[in-house]
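Working notes for the structure below.
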Amino acid sequence: MSNRMWGGRFSDGPDAIMEEINASIDYDRKLYRQDIEGSKAHVRMLAAREIVAADDAEKIAHGLDTIKSEIEAGDFAFSRALEDIHMNIEARLAELIGPTAGRLHTARSRNDQVATDFRIWVRDTLDTLDEQLTDLLQALSERALAHAGDVMPGFTHLQSAQPVTFGHHLMAYVEMFARDRSRMRDARKRMNECPLGSAALAGTSFPIDREMTAAALGFDRPTANSLDAVSDRDFIIEALGAASICAMHLSRLAEEIVIWCSAQFAFVTLSDRFSTGSSIMPQKKNPDAAELVRAKTGRIYGSLTALLVMMKGLPLAYSKDMQEDKEQAFDGLPSLSLALAAMTGMVRDLTANTKTMKAAAGSGYSTATDLADWLVRVIGMPFREAHHVTGRAVGLAVERGVQLHRLPLEDLQAIEPRITEDIFTVLSVDKSVRSRTSYGGTAPANVRKQAKRWLKALEREAARR
């Protein structure tokens, strides 16, 4: 039996293996809402341009609404023999309203149809991710404000470097995730052009109104080149690119939470809501939510890589290879959505062990740079010389097994006679962080100002929505 879509050319039906590799309905059924929305906009335009009769357009639109209700009620029978969501809906429409259903496909192809459906889905998903990133920015800014003055060790090479505040550390992630949100907004703006009306690849001879369908579907404009419109997948590649960078940021924060939750650090505690236990070790409390966020990054990278490899050798215009784009998008972007939800939950859930953090902040000679800066600022020593003097002081502290601020003044003066009692005013971690007042620095006043600025900006955004 020939396929009803191209029965005029083919006399035999597909081989079972051909049907298996060709069908996409198992996953592209997710596009049913977008497909019906696009079809209704298309048929309204056809009626407005008198390409189909108004009565026929009304019957088609009513039939499409019926199909949408059936799918959402779980009463729709999807058929793999019909390959994809587009033909499943069209076939059911023919059952409901008869031959009039065939008028729906006038002046369009499955090529521009799927490109339109998919763009709408990606656009809607980016809007959801935008909301989730906004929520994460809110959570991080609130926690940063609450911990603007709580000292913790700052690290380079995962070695104690200089004291910072926990609020400052969290605000670093605000900057990262704000860039992620900006990238997604840029991607959404660039992709918001409507392919519908490009037909198979060359446009159509029917007097359609592409501006009408573009506006009806919330696009800024129709695409300018029919070949590009049906063969372009930049929009999902760019979305997955932005998602991959965001996932990398999530993974970095997740890794820090894993480290911070360890008994060796004990900087933060996650409640039972975001932790799991061990089947054999009753004392264990594992930060599995953070570990799974970290793991999701690989899946998202994989989706991006698969699409880049798939598209790299395709000539214009559409090739069947491009059917593989949906599964990657349907896995990659929802994986990021789940990771964002989990991370936002953990940020709001975690308890900062501020006493432990502060004790750790003073270890590892983290105020050594403050000593060097004092030598430059107070006695006018060149920084490179001050660095050398401070290194000798650290070496002595290591030899004695004490922290810098525990070295007697006489020992420091033996290294540099011009050092005075005043040096001890900069060697505490609290004074160290308070002194970092340069723009973007860790001084608590800076952190409070930045956190409040972000919270106010997010409040203004919410008021505009």
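The values are calculated or read from the model by the stated rules, or taken from the named source; none is laboratory data. Everything quoted here is computed from the prediction, not taken from an experiment. Ideal geometry is used to build each Cβ from the backbone, glycine not excepted, and the neighbour counts take in all protein chains shown. Note: areas computed on protein heavy atoms with side chains; ligands, DNA, RNA excluded. Shrake-Rupley method; radii C 1.70, N 1.55, O 1.52, S 1.80 Å.
Nearest 10 degrees is fine. How inclined is helix 325-349 to the longest principal axis of the chain, computing both from alpha carbons? Relative to the chain, helix 325-349 is tipped by roughly 40 degrees.
Straight-line cross-link partners of Lys326 among the lysines, defined as a Cα under 21 Å from its Cα and at least 8 positions apart when in the same chain: Lys30, Lys68, Lys189, Lys296, Lys312. Remark on Val402: its backbone amide H falls under 5 Å from none of the residues 5 or more positions apart or on other chains, H modelled at 1.01 Å from N.
A simple spin-label model places the labels of Thr351 and Ile259 2.4 nm from each other, with each point 7 Å out along Cα-to-Cβ.
A simple rule links phi to the HN-Hα coupling: the Karplus curve 6.51 cos²θ - 1.76 cosθ + 1.60 with θ = phi - 60°, which for the range 371-387 gives 5, 4, 4, 5, 4, 6, 6, 8, 10, x, 6, x, 4, 4, 5, 4, 4 Hz, with x for Gly and Pro.
Nearest 0.05, what FRET efficiency do Lys431 and Gln159 give at R0 = 30 Å with Cβ-Cβ as r? Working shown, then result.
Values: r = 22 Å, r/R0 = 0.73.
Once rounded, the FRET efficiency stands at 0.85.
A simple spin-label model places the labels of Glu410 and Ala48 9.2 nm from each other, with each point 7 Å out along Cα-to-Cβ.
Report the full-extension gain for the segment Asp272 to Ala445: residue separation times 0.36 nm, less the Cα-Cα distance, to one decimal in nm. Can you show the working numbers first?
Values: separation 173, 0.36 × 173 = 62.28 nm, distance 3.35 nm.
Extending this stretch completely gives an extra 58.9 nm.
A cut-off of 5 Å between modelled amide H atoms, ignoring neighbours fewer than 5 places along the same chain, links Val164 with Met152, Gly154. Centre-to-centre separation between the Cα atoms of the range 93-122 and those of the range 194-242: 14 Å. For the chain, the longest principal axis of the alpha carbon atoms and the long axis of helix 444-464 meet at an angle near 20°.
Solvent-accessible area of the range 15-101 (1.4 angstrom probe, protein heavy atoms only): carbon and sulfur portion equals 48 percent.
Angle of helix 85-97 to the longest C-alpha principal axis of the chain, folded into 0 to 90 degrees and rounded to 10: 40°. Surface exposure of the chain, expressed per residue as accessible area with a 1.4 Å probe, stands at 48 Å². When the solvent-accessible area of the range 359-461 is split by element, carbon and sulfur atoms take up 54 percent of it, the probe being 1.4 Å. Protection proxy ranking of 102-108, 438-444, by the mean of other Cβ atoms within 10 Å over each peptide's residues and highest first, is 102-108, 438-444.
Surface composition of the range 217-351: carbon and sulfur make up 55 percent of the accessible area, probe 1.4 Å.
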